Amino acid sequence: MAIGEQEKIIPIFIEEEMKDAYIDYSMSVIVSRALPDVRDGLKPVHRRVLFGMRELNLGPNAPYKKSARIVGEVLGKYHPHGDAAVYETLVRMAQDFSLRYPLVDGQGNFGSIDGDAPAAMRYTEARLAPIAEEVLRDLDKDTVDFVPNFDESLKEPTVLPSLLPNLLVNGASGIAVGMATNIPPHNLREVVEGLLHLIDRPSASVQELMQFIQGPDFPTGAIIVGSDGIAEAYATGRGRIVVRARASIEAQRGGRESIVISEIPYQVNKTTLIEAIAELVRNRKVEGISDVRDESDREGLRIVLELRRDAPGKQILEYLYRHTQMQTTFGVIMLALVDGVPRILDLRQLLQHFLDFRHEVVVRRTKFELDKAEKRAHVLEGLKVALDNLDAIIALIRRSRDPETAAAGLMKQFRLSEIQAQAILDMRLQRLTGLERKKIEEEYRQILKKIAYLKGLLASKAKRMQLIKEELARLRDQYGDRRRTEIITSADDFSIEEMVAEEAMVVVVSQRGFVKRMATSAFRREIGASWPAVVAEGAEDWPAQFMAADTQAQLLCFTNIGRCYSLRVLDIPVGGKIAQGKSLAHLLGLAKEERVVGCFPVKEFGEDQTVLLVTAQGQVKRVALAAFANLRRSGAAAINLREGDELRAAQLCMGNEHVWLVTAHGRVLRFAVESLRPMGRNAAGVRGITLAADDAVVTGQLTTGEPSLLIVGERGQGRLLKAKEVRPMGRATRGVTGLKTSAKSGPVVGAALVRATSDLIVVTGDQHSVAWRTAGELKQQGRLLELKANERVVRVAALSLPHGMA
């Protein structure tokens, strides 16, 4: 600047300068750091790490190399940022709990799902995983553009020619300026199936594609609850997906239970989750957990929450879902760079952009291979000319003073190009043998076929798309695997029963209405022992019914006022032989005067199954079992009772049994259950037996085969009728006399269908009960037991062990 000249000052408003600078910074973060490219699904740092490892020849079969060497390669040549960012990227691509399909094969401590930090880069080693070759394949065939690196000393790819639909299968997350992306990982097999369908049907809708791509597939498994969030995310690019840990309730020794967690939601720290559960236990916000253990090993994740005896495992599990990271929400934002511009994309757009990119890669690769093949064919044509004119060419070369003169002579005499002439001069003498001559001719024929194929490929888009389909199918078959994350289509479909291990149980109901369940392994019939051994000593209670049921079944309970209730077997407390259990009335929430008169376990509500209902006034009814599916907690009406009537019995029937009705006056009626047509829940039924004015039905039972019927009077008199003594009769008749009642016998108070191996219990008013081991030694009629002057029989029960436990 000359002396005296003044500097030119340009006034700039600071607001405008800050705005421009911030926009530049924002675009740099968006394009060059935080967001993935829709084509290869990679951010620049991921791309540079993979490219740097390729340049170091760290293929899947190469020896491992120190991570510090890889980081140095990437930093020095391609990524002008901190080493921590590069190493963290390398680590994440090696973690099988972070990426659904890891791109790096790591050796050493690369961190854990517990949140443990990886070892320093000088201690760990790495190489490319086999599937990473599909991301880098054909990179040297001019398939993508290269640009100068940060100091313009080298070149790096702007995108990798990935055959792997990496953006969907491995997902992506990143926070830019004013925007963020959060794409969940997916199953490779499903994504490829969706791509193949889109190739065949370019107009396919998102709903069609969802038939192939069910939803996210997290590397940690777990359960997605509800499909609405998935559908919204795929249709709009945004959605919320609820993810739950996979847990089961397992029976332990001593009648205890444990909650076992085998899979946790994606990106949840296992140690943090365990600490959160322990904190809830310490603060007494959740009761019933006695111990929390981490039993995870190389076989997989396993967190055990040991429960106290009789603790409500189902309720505890539901509380943990609500108050810990056992249930999380994954917010989907499918945002990626499309031609350098951030865009939110739906599922179809993501797949279509990938297919467009693959088509571009195939076109560029084909052009590269065609150019290379044509150049080779050109050389082979020159070699064929040389072989056809061997003597003349040798003579020309011998009389030439230097290679340049020889090349010029070849070009002029045989009309060859400079390239062909040079190839002839470079040809080794061994190529002049007959065998080598044939090889050149065969190579020329093959190269012409390849040229024709490549030209056909460039001329037909249909052929190119077919090639893309074949390459994707190979990728699917080679690397595809089974889905890890289960999807429950609706939150209403998610039930605790689905998470509870199916376990055979024995449900014991006592004559006083207490219920408990026992594992079959803990339930054994001891020779010579009396039935009261399965209830608490001194409890003045006796078993009235044993039922085989598993933990996924329901117990249908019918009460005297004609209502039906449902109780899940897993809600029944587990008890040992001396445990009393819990009141059935309390578990069902019954009214004060309401009591259970019949119950049975149901696992599936089959359409061919019905329920038989019998009332005191002789009304009978069959109701479809399906009518009692999905009952509310308050229950539902099972029969429309007349005034003064009450339900006396409820049993499950298949349609081929006989109904046995016994009245207080000792009348017995037997008829086929098929004579009753099924009715609705609100029907009153039809007359089953014709009663005398002061008579009433005591019990109604179903049976197949030819059992005997034991009838017991209030004063201890009884009679054992053979089946042939009670022939089947028509419904609504008076039946036959089963037991002649009198002042001496009292009215009939109970009856039981028995077989020779049945075990019988007679219960009196003051709980003085007598148990027989079997009914084989009973007399046909007479006094069953001696009673005190004021003592009365109140109940008769025939006990049979569940099938396979006798």
State whether the range 132-240 is rounded, prolate or oblate according to the following rule on the C-alpha gyration tensor (a ≥ b ≥ c being the square roots of its eigenvalues): a/c under 1.5 gives rounded; otherwise a/b larger than b/c gives prolate, and the remaining case gives oblate. prolate
Describe numerically, in nm with one decimal, the distance between label points set 7 Å from Cα along Cα→Cβ at Arg483 and at Thr405. 7.9
What order, most packed first, do the peptides 321-328, 658-665 have when packing is the mean number of other Cβ atoms within 10 Å of each residue? 658-665, 321-328
Using a 10 Å cut-off on Cβ atoms, rank the peptides 39-46, 112-119, 126-133, 170-177 from the highest mean neighbour count down. 39-46, 126-133, 170-177, 112-119
Straight-line reach from Lys455: which lysines have Cα under 21 Å away, leaving out those fewer than 8 places along the same chain? Lys141, Lys367, Lys372, Lys375, Lys463, Lys469
Please give the calculated 222 nm ellipticity per residue for the chain, where each DSSP H segment of at least 4 residues contributes -39500 (n - 2.57) and the sum is spread over every residue; nearest 500 deg cm²/dmol? -9000 deg cm²/dmol
Give the value in nm², to one decimal: projected area of the alpha carbon convex hull of the range 289-366, averaged over all directions. 10.3
Of all DSSP beta bridges having both residues in the chain, the percent classed as antiparallel (nearest 5) is 95
Considering the options Gln214, Gly331, Pro342, tell which one lies farthest towards the positive end of the dipole of the chain, charges being +1 on Lys and Arg and -1 on Asp and Glu at the Cβ, about the Cα centre. Gln214
Show me 584-592, 293-301, 343-351 ranked by packing, highest mean number of other Cβ atoms within 10 Å first. 343-351, 584-592, 293-301
hull vol. (C-alpha, convex hull) per residue for the range 534-671, Å³ -> 136
Unit charges at the beta carbon, dipole of the chain: most positive-side option, Ala544, Val45, Pro403: Ala544
In straight Cα distance, which aspartates and glutamates are under 15 Å from Lys722, not counting same-chain residues fewer than 8 positions off? Glu706, Glu777
Over the chain, equivalent-ellipsoid semi-axes from the Cα gyration tensor in Å: 83, 33, 24
Per the C-alpha gyration tensor (a ≥ b ≥ c, the square roots of its eigenvalues), the range 150-189 is rounded if a/c is under 1.5, else prolate if a/b beats b/c, else oblate; here it's oblate
Report Rg/Rh for the range 59-155, rounded to two decimals, where Rg is the Cα radius of gyration and Rh the Kirkwood radius. 0.99
Give me the accessible area of Phe514, 1.4 Å probe, in Å² rounded to the nearest 10. 40
Excluding Val281 itself, what net charge comes from residues whose Cβ is under 14 Å from its Cβ, given Lys and Arg +1 and Asp and Glu -1? 0
Wrap a convex hull around the Cα atoms of the range 601-730, take a quarter of its surface area, and give that in square nanometres. 9.0
Treat each spin label as a single point 7 Å out from the Cα along the C-beta direction, and report the Val338 to Glu381 distance in nm. 4.5
List the pair-distance distribution P(r) of the range 570-640, using every Cα-Cα distance, as the percent of pairs falling in each 10 Å bin from 0 up to the bin containing the longest distance, rounded to whole percents. 14, 42, 34, 10
Is the shape of the range 666-719 rounded, prolate or oblate, going by the alpha carbon gyration tensor and its root eigenvalues a ≥ b ≥ c, with a/c under 1.5 for rounded and a/b larger than b/c for prolate? oblate
Which lysines, if any, have their Cα less than 28 Å from the Cα of Lys788, not counting same-chain residues under 8 positions apart? Lys740, Lys744, Lys779
Per residue and in cubic angstrom, what volume does the convex hull of the Cα atoms of the range 245-340 have? 125
Modelled label-to-label distance, Lys592 and Leu425, 7 Å Cα→beta-carbon offset: nm? 11.9
Ratio of the Cα radius of gyration of the range 351-450 to 2.2 N^0.38 Å, where N counts its residues: 1.44
Would you please give the FRET efficiency between Leu448 and Val363, computed as 1/(1 + (r/R0)^6) with r the Cβ-Cβ distance and R0 = 22 Å, to the nearest 0.05? 0.55
The range 157-311 - convex hull of the alpha-carbon atoms, volume per residue in Å³: 192
Measuring from its Cα centre, the range 209-290 shows a charge dipole (+1 at each Lys and Arg Cβ, -1 at each Asp and Glu Cβ) which, in debye to the nearest 20, is 240
Give me, ordered by chain and number, the residues 5 or more places off Val177 or on other chains with an amide H under 5 Å from its own placed amide H. Ile30
What's the center-to-center distance, using Cα atoms, between the range 732-754 and the range 639-703 in Å? 15
Compute the accessible area per residue over the range 276-389, keeping the other protein chains in place, probe 1.4 Å, unit Å². 49
All other residues with a Cβ under 15 Å from the Cβ of Ala591 taken together, and with Lys, Arg as +1 and Asp, Glu as -1, what is their net charge? +1
Given a Förster distance of 60 Å, the FRET efficiency implied by the Cβ-Cβ spacing of Glu604 and Thr158, rounded to the nearest 0.05, works out to 0.55
Is there a quick way to get the dipole size of the chain? I mean about its Cα centre, with the Cβ of Lys and Arg at +1 and of Asp and Glu at -1; what is the value in debye to the nearest 20? 3060
Accessible surface of the range 600-695, 1.4 Å probe, proportion on carbon and sulfur as whole %: 44
Compute the acute angle (0 to 90°) between the alpha-carbon long axis of helix 188-200 and the principal axis of greatest extent of the alpha-carbon atoms of the chain; round to the nearest 10°. 70
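The values are calculated or read from the model by the stated rules, or taken from the named source; none is laboratory data. The structure displayed is predicted, hence computed values, not measured ones. Don't worry about glycine lacking a Cβ; one is built from the backbone with ideal geometry, like all the others, and counts go over all protein chains shown. For the accessible areas, the whole protein counts, side chains as well, though only heavy atoms, and no ligand, DNA or RNA atoms are used. Shrake-Rupley method; radii C 1.70, N 1.55, O 1.52, S 1.80 Å.
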